[in-house]
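As C-alpha cells, the structure follows; a few thoughts come after it.
The values are calculated or read from the model by the stated rules, or taken from the named source; none is laboratory data. This is a predicted model, so every value here is computed, not measured. Counting neighbours? That spans all protein chains shown, and the Cβs are built from the backbone with ideal geometry, glycine included. The accessibility values were calculated without ligands, DNA or RNA, using every heavy atom of the protein model including side chains. Shrake-Rupley method; radii C 1.70, N 1.55, O 1.52, S 1.80 Å.
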Amino acid sequence: MINNQRQPTILVTGGAGYVGSHACKALAEAGYLPITFDNLSRGHRWAVQWGPLVQGDLLNPSDLERVFAEYQPSAVLHFASLAYVGESMTRPQDYYRINVAGSLGLLDAMRASSCRAIVFSSTCATYGVPNSTPIDESIPQNPINPYGRTKLMVEQMLRDHHRAHGISFIALRYFNAAGADPECRIGECHNPETHLIPLTLEAAMGRSPQVSIFGSDYDTPDGTCIRDYVHVEDLAQAHLAALESLLQNDQTADAYNLGTGSGSSVLEVIDICERITGHSITRQFEPRRAGDPARLVAANERAKRKLHWEPKMSQLSTIIESAWRWQKKIE
C-alpha cells in the first residue's frame, strides 16, 4: 500500500462492468478510492458501489481530461472495451475504434496528466489457437479474431509507450472469468449472455429451454472443450496485486496469465451445475464453432511467483455456487 496524505485514487475504466466492478470492490477494501469511468453502454450503474461514477467515453478527450484533472489518479486499471468474440467478427470496426483508438486516447490523457502506471485487462484470446497446453507467457501470440487482435494491439501500444514515455504497465491475460461476489452485491450480467456458466444456470432456472454444447468430438476425455475457469474475485485480487507492484516499481513492463492451471470440460461444468442447483438441464449438441481450441488452460507460475497471487476461490464448485446465488437474486 502506498502512503499518501489523501486516500490514493485509482481510475477504473469500465468499472461498471463485470470484472471492473469486482476490482473496484477489491480496491476499496485495500484502502484505495476507485473512480469508475464508464459510458454505461454495457456496464451497469448499480454495479458502482465503492466510489464515484464519472460517466464518460474514452473516445471523447474532454471527458478524459476532466476526470484526470478532477481526481488526479495515481494509476489506471483499464477494463473498458468490447469483448464478444463473435460480435468482433461481424463488427470489427467497432472493436478497433473502441478497444484500440479508445486505449490510445486514454494513454494520451495519462501522458498529459503525468499518470504513469496502468494495469491492462487483456485476454488469453491474444494467443489464438495454441499448439500446446498449458499456455505460458512465452508462446507466440497469434490471435484469430478481431477481439484478440485489438487486445494484442493495446499490449503493443503499452510497450511502445513504456519505451517512449516511461509509462509502466502490467497486462493481465485472463482465461474464463466466472462467479460472483460472495455477498451477492454484484455479479455477471451481460446482454446478450455468451458465457457457459450463466447460460447453464439460466437453463436450470427455466429461463431458456436448454444449453447448447458446441462440439462433442474434440480430443478430450468426454469430447467437449476444456477451459480454465477463474473466479472473478481472484481476478480482482490479481489486479490489486499488479497495481501495487506498479506503484512500487515504475520501470515495470510485463504480462501475466491469470488462470488456475487446470481445466474443466463443458460437460463437467453442466454436471456440477445440475448438482448444485438440483435441476435437470437439457443439453443440445451443436456443430463445432470455428476457431474453438480443444483446450485452453493457463500456466500461472509467473503470476504466482512475481505478483504473489494465488487463486483462492476458483474451485469450480465454489465458482458455480456463487454464480447460482447471484442468478437467483436477479431472477
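Note the count of lysine pairs whose C-alpha atoms are less than 24 angstrom apart in the chain, limited to pairs 8 or more residues apart or on different chains.
Eligible lysine pairs with Cα atoms under 24 Å apart amount to 10.
Which angle from 0 to 90°, rounded to the nearest 10, does the C-alpha axis of helix 232-248 make with the longest principal axis of the chain?
20 degrees
What number comes out for accessible area per residue over the chain if the probe is 1.4 Å? Units Å², please.
That works out to 42 Å² per residue.
Just for the chain, what percent of DSSP beta bridges are antiparallel, to the closest 5?
5 percent
On alpha carbon coordinates alone, what is the Rg over Rh value for the chain, Rh being the Kirkwood radius?
0.95
Per the Kirkwood definition applied to all pairs of different Cα atoms, how many angstroms is the hydrodynamic radius of segment 23-121?
Final number for the Kirkwood radius of segment 23-121 is 14.2 Å.
Can you give the helix-only mean residue ellipticity at 222 nm for the chain, where every DSSP H stretch with n ≥ 4 adds -39500 (n - 2.57) and the sum goes over all residues, rounded to the nearest 500 deg cm²/dmol?
-11500 deg cm²/dmol
Report Rg/Rh for segment 129-179, rounded to two decimals, where Rg is the Cα radius of gyration and Rh the Kirkwood radius.
Rounded to two decimals, Rg over Rh is 1.01.
Just the number, please: carbon plus sulfur as a percent of the accessible area of the chain, 1.4 Å probe, no ligands or DNA/RNA counted.
48 percent
When you count, for each residue, the other Cβ atoms within 10 Å and take the mean per peptide, how do 277-288, 63-74, 128-139 rank with the highest first?
Put in order of decreasing packing, that is 63-74, 128-139, 277-288.
If a/c stays under 1.5 just call it rounded; otherwise compare a/b with b/c (prolate if a/b is bigger, oblate if not). Do that for segment 252-331, with a ≥ b ≥ c from the square roots of the Cα gyration tensor eigenvalues.
Since a/c reaches 1.5 but b/c is at least a/b, the shape of segment 252-331 is classed as oblate.
Measuring from centroid to centroid over Cα atoms, what is the spacing of segment 60-105 and segment 278-331 in Å?
26 Å
Sorted by packing (mean other beta-carbon atoms within 10 Å per residue), highest first, where do 229-238, 244-253, 26-35 land?
Per-residue mean Cβ counts within 10 Å order the peptides as 229-238, 26-35, 244-253.
Please give the peptides 165-173, 267-275 ranked by average Cβ packing (other Cβ atoms within 10 Å per residue), highest first, as a rough proxy for protection.
Output ranking for 165-173, 267-275: 165-173, 267-275.
With the radius of gyration and the Kirkwood radius both derived from the Cα set of segment 113-270, what is their ratio Rg to Rh?
My calculation of the ratio gives 1.01.
Taking only Cα atoms and a 10 Å spring cutoff, compute GNM fluctuations for the chain and point out the largest among Leu158, Leu258, Leu40.
With Cα springs under 10 Å in the chain, the top fluctuation among Leu158, Leu258, Leu40 is at Leu40.
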